[in-house]
Amino acid sequence: DGIRTRASQRLSFELLLVSPTWQRIAEPYVQSLKELGVEMRVTVAQPADYQKRLRNFDFDMIVNTFGHSPSPGNEMIGYWGSEAADTEGSQNVLGLKNPAVDEILAKAVAADSRQALRFQIQALDRILTCATYVVPQWSLTYDRVLAWNKFGRPDKHCSQLFFETCVRDTWWHAPEKADKLKTAMEAGVSLPKPE
């Protein structure tokens, strides 16, 4: 049937999903893997069953994100630390146990400067990327931000007359911008870009 085998074991695994929304995104991957001789089955589980399987690491593959702040810290130990790999319900969904990663994480959390933190995070990134623990689905080259263009800044805030620098941090509701926004929304016209 075109699926690779070794010692009578098929190259086959399950992608566990919590929502049918992801199924549409997974299907092209199923087809691409099949062309390589790999069978991927897609299972959409009920939320309670999905959480139970996730908590017990009872899956082959899942869709996941690894959120970080601009200053990564302790959360990384939960994502990548060896101890978390054996902790039921942890976020180390990869089951990653790597002494080099553990050492980097300890140094990153104890970093005493931005430069030291950056060095450790780049080393971690090299290990995680080279080991191919994840299959990226997509990325965006931009950030999506929605801003209602109904605010402005006064030339001078009455309480800040002597502190000119404070004015740039003070926002005011601008009725004329709010009216323009409301009119555009009611007319179904594309909204004006922020000034």
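The values are calculated or read from the model by the stated rules, or taken from the named source; none is laboratory data. Please read these numbers as outputs of a predicted model, since none were measured by experiment. Neighbour counts run over all protein chains shown; Cβ positions are idealised from the backbone, glycine included. These area figures cover heavy atoms from the full protein model, side chains too; ligands, DNA and RNA do not enter into them. Shrake-Rupley method; radii C 1.70, N 1.55, O 1.52, S 1.80 Å.
Overview of values
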| read-out | value |
| --- | --- |
| Count - residues of region 142-157 that are within 20 Å of A178 (Cα to Cα) and modelled with pLDDT of 70 or more | 6 |
| Test: residue in region 170-189 that is open to solvent by 100 Å² or more (accessible area, probe 1.4 Å), at pLDDT 70 or above and of a type in the set (S, T, Y) | no |
| Residue in region 103-118 that is hydrophobic (A, V, I, L, M, F, W, C), open to solvent by 40 Å² or more (accessible area, probe 1.4 Å) and in contact (Cβ under 8 Å) with a residue 40 or more places away in the chain present | no |
| Region 3-52 - residue that is of a type in the set (S, T, N, Q), over 15 Å from N64 (Cα atoms) and in a loop (DSSP other than H, G, I, E, B) and, of those, most open to solvent (accessible area, probe 1.4 Å) | Q46 |
| Breaking point among (1) small (G, A, S); (2) on the phi > 0 side of the Ramachandran plot; (3) modelled with pLDDT of 95 or more, for A45 | (2) |
| Single match in A111, A106, A7 (criterion: of a type outside the set (S, T, N, Q) and on the phi > 0 side of the Ramachandran plot) | A7 |
| Residue ID - most open to solvent (accessible area, probe 1.4 Å), chosen from residues in region 80-102 that are more than 21 Å from K52 (Cα to Cα) and part of a loop (DSSP other than H, G, I, E, B) | K97 |
| Residue match in region 134-141 (condition: at pLDDT 95 or above and assigned to a loop (DSSP other than H, G, I, E, B)) | no |
